[in-house]
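Coordinate-derived values only; no laboratory data. All values derive from a computational prediction rather than experimental measurement. Here the Cβ positions follow ideal geometry from the backbone for every residue, glycine too, while neighbour counts run over all protein chains shown.
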Amino acid sequence: MLQFLQMGGYAVFVWPSYALTAVVVGLNIYWARRSLRDAQAQTRRRLASVRSNP
Amino acid sequence: MRANELTADNIHLWRGERHLLQGLGFALNSGECLQVTGANGVGKTTLLRALCGLVPLEEGRICWRGQDILEDLENYYSELSYLGHDNGLKGDLTAAENLLYAARLRRRISPDEVLAALARVGAPEVAPHRLRRLSAGQRRRVALARMSLMGGALWIMDEPGSNLDARGQAVVIELLQAHLEAGGAAVVATHQELGLPATRLRPLVLQ
Amino acid sequence: MSEQRIGFAAAAAALMARDLRLALRRSGDTLQPLGFFLVVTTLFPLALDPELSRLRDIAPAALWVGALLSSLLALDRLFREDAQDGALEQLALCGWPFAGLLLAKTAVHWLLTGLPLVLIAPLAATALGAPYAAMPGILASLFLGTLALSLIGAVGAGLTMSLNRNGSLLALLVLPLAAPVLIFGARATALAIAGEPLAAPLYLLAALSVLGATLAPWALAAAVRIGLE
Amino acid sequence: MAWVWFHRFGSPPHFYRLATALTPWFGWAAALLCTAGLIGGLVLAPADYQQGDGFRIIYVHAPSAWLSLMVYVVMASSAAVGLVWRMNVAHAIAASCASIGASFTAVALVTGMLWGRRMWGTYWEWDPRLTSELLLLFLYLGYIGLRNAIDDTGRADRASAVLAIVGVVNVPIIHYSVTWWNSLHQAPSVMKFGKPTMVPSMLVPLLVMLGGFTALFFALLLIRARGEVLRRERNARWPVDVPGLTAHEA
């Protein structure tokens, strides 16, 4: 297992690359869902206001 | 029945979140003037700019002589003269130069035609002066002179009387009546009393 | 109305005459980018050392970065004023192809900012140690380069003309698109200075100008129309 | 009109429901493919005889670089469709692409530098591909900058569409001119950023990762596009009967 982690001495380059990719993918997923949720909330408010005074 | 010059149907337009024009429609014949009135911010300028094709419609169509203006915009524009809030004139050029260059975009024109146009709007004396040195009212009259020089079957004017004194307002009405009698059509956004006979005036109040 | 209809060329000529007269009335403004170009190119020797042979190596960079930045400076004023005072609106509504008129306007802009820069470049080049024999090559490359820059930059100017606080947005939009012009232009100038044949980069530079001339009109008309909304 | 069917396809409610249905498929495909690709790439694939285990960075670098380019092309083409046929759904898709593309361009750039660092000993090397990636990042930043500078959604869509189209035409030109420029100054020695010779057991995980990243992009795109479509539906009533959108929902 240790040998795997060392990546033949290149660990200091390989793992940061994977870590960065994982972080960016995670952020993308979070921001995508967040932007959808915000838009849905905005639409809900719009529909509520339209229904209360059509 | 005179052919419908300008028709608009089911126009929807937003400004930011506000739904300004909600399914508006009208038909305008030659010799008629549509007077658009309504409170500030209700969308008069937006409607006029939409009629000029400057603002794209979210829904609806505008037709000039039966053809959607978007199909042949250049043909529609060659018949159109627009006077917006801004005069569209350059401060560093003299009044005469401004009119010369504005009209030359459409047709050959001689300097004395320019002077005649300035005389028509009651400001012949401004010809040699740079526009920057003229008063707002004088600049507006030069813009009105440009309108009369550009010709065109359809005039669209946004608050033509702004910054004008009583004499200037009268000039607006004279130009408009001459244009309508010559068979032209006009859309004017103004609260000024245009003094047109009922047969020629089509009021449109925006809420 | 005596309808002596005129052709598009006459309308474009009237527009160009108006812009030229306007520019002459405010010659101070039009010479500003030129002054900027000279200042930028004189900064490089101050930052390096006065040794002409050393300067010769960086001359292409100094000339071209100077040309790029000064044309960027001039571009911001290309449409902004006409958009604000309503003149651009009148141009859009006059019934002639808008792309053609905007191209004429950009041509005048190039005549007032690009061409003078090309004509004054030998002065700056000599100051940077370029040999006399290199002048034709420098003139040719800058001629084509400033043309392409004006065309690409005009699209950026159209997109940002009605934004009040665009600041460096115009630069951010234009510079990546202008990178190829910078690469081929600087290379052509370097070859000219070295006295080697510079046909290859010149052809590529010419190709960029032609591409600009074909793509820019559509993009220009669309960008300005959107800015006028 | 002849192209009514095309508009129906671009109709927001239809697109919203389609996107809602497809998102999980792309999401799971991305998860499976990436997991398989990682196992294949990190564990099963042999070390490269020349670059040792360092070459495994390629399993995140290459997919990111591929994504950075593909996303720009998707963005530009949907922007073009939006501009020509005035379709809000297409503009919504273009708007959603920008941040995804920019983030993966940054990843491609950094992973490229880390890979380069191992071979060249410096963090930055004016290698043609890295330089093209950098300029592509500037194109994305310009697009995002322009979009944020205009507050009216409609105008922002149309203006950024023009920029995206001009940009996509320039991407190959930028790449060619950077490669041409790079070849001038370097003696045409072995490409510094040499592609390791890929035996199948190395290549297959890479292709799987490419597929995984592409599926991930479409999942992210569909999620964001649903939000953007809702933001552009200012007057429509159809969201009322979409579950999860009705006001009385808890």
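Using the average count of surrounding beta-carbon atoms within 10 Å as a protection proxy, the listed peptides B:182-190, A:30-38 rank, highest first, as B:182-190, A:30-38. Sorted from greatest to least, the principal axis extents spanned by the alpha carbons of the stretch B:88-151 come out as 28, 21, 17 Å. Put a dot 7 Å past the Cα of C:V39, heading toward its Cβ, do the same for B:E125, and the two dots end up 4.4 nm apart. For the segment B:145-153, counting C-beta atoms of other chains within 10 Å of every residue's C-beta and taking the mean gives 2. Here is the list for the stretch B:1-90: GluC sites (Glu not before Pro) lying in DSSP coil, each with at most 12 other C-beta atoms within 10 angstrom of its C-beta, are B:E17, B:E71.
Beta bridges per DSSP, both residues in the protein assembly as shown: antiparallel share near 50 percent. What distance in nm lies between label points placed 7 Å from Cα along the C-beta direction at D:M119 and D:D151? Those two pseudo-labels are separated by 5.0 nm. Calculated FRET efficiency, B:S110 to B:L201, Cβ-Cβ distance, R0 = 30 Å: about 0.30 to the nearest 0.05.
Placing dummy labels 7 Å off each Cα toward the beta-carbon, the span from B:E59 to A:L27 is 4.0 nm. Peptide D:224-235 has a mean shielding of 6, counted as Cβ atoms of other protein chains within 10 Å of each residue's Cβ. Sorting the segments D:228-237, B:90-99, B:131-140 by their residues' average number of neighbouring beta-carbon atoms within 10 angstrom, most packed first, yields B:90-99, D:228-237, B:131-140. To the nearest ten degrees, helix A:11-52 and the longest principal axis of the Cα atoms of chain A are 10 degrees apart. Is the shape of chain A best called rounded, prolate or oblate, per the rule: a/c under 1.5 gives rounded, else a/b larger than b/c gives prolate, else oblate, with a ≥ b ≥ c the square roots of the Cα gyration tensor eigenvalues? Prolate is the answer for chain A, as a/c is 1.5 or above and a/b outweighs b/c. Gyration tensor analysis over the Cα atoms of the protein assembly as shown returns equivalent ellipsoid semi-axes of 52, 38, 18 Å (largest first, whole Å).
Per residue of chain C, the DSSP helices (runs of n ≥ 4 H) give a summed -39500 (n - 2.57) that works out to -28000 deg cm²/dmol at 222 nm. When shorter helices are ignored and each DSSP H run of at least 4 residues is given -39500 (n - 2.57), the per-residue value for chain B at 222 nm works out to -9500 deg cm²/dmol. Legend: mean number of C-beta atoms from other chains within 10 angstrom of residue C-beta atoms, peptide C:169-178, equals 6. Only bridges with both residues in chain B count here: give the DSSP antiparallel percent, nearest 5. Given both bridge residues lie in chain B, the antiparallel proportion sits at roughly 45 percent. Determine which residues of the stretch D:56-94 fall in the zone a paramagnetic label at A:Q6 would reach in this model, i.e. backbone nitrogen under 20 Å from the point 7 Å along Cα→Cβ. Taking a point 7 Å out along Cα→Cβ of A:Q6, the residues of the stretch D:56-94 whose backbone N falls under 20 Å are D:56-57.
Angle of helix C:199-228 to the longest C-alpha principal axis of chain C, folded into 0 to 90 degrees and rounded to 10: 30°.
Relative contact order of the stretch B:88-151: 45 percent, from C-alpha pairs under 8 Å at least 6 residues apart in sequence. Each Lys or Arg adds one and each Asp or Glu takes one away; over the other residues whose Cβ falls under 13 Å from the Cβ of B:I156, this sums to -3.
Note down the Stokes-Einstein diffusion coefficient of chain D in µm²/s, whole number, using a Kirkwood radius over alpha carbon pairs, 25 °C, and 0.890 mPa s. The Stokes-Einstein estimate is 123 µm²/s.
If you plug the beta carbon distance of C:D29 and D:A21 into 1/(1 + (r/R0)^6) with R0 = 45 Å, you get a FRET efficiency near 0.15.
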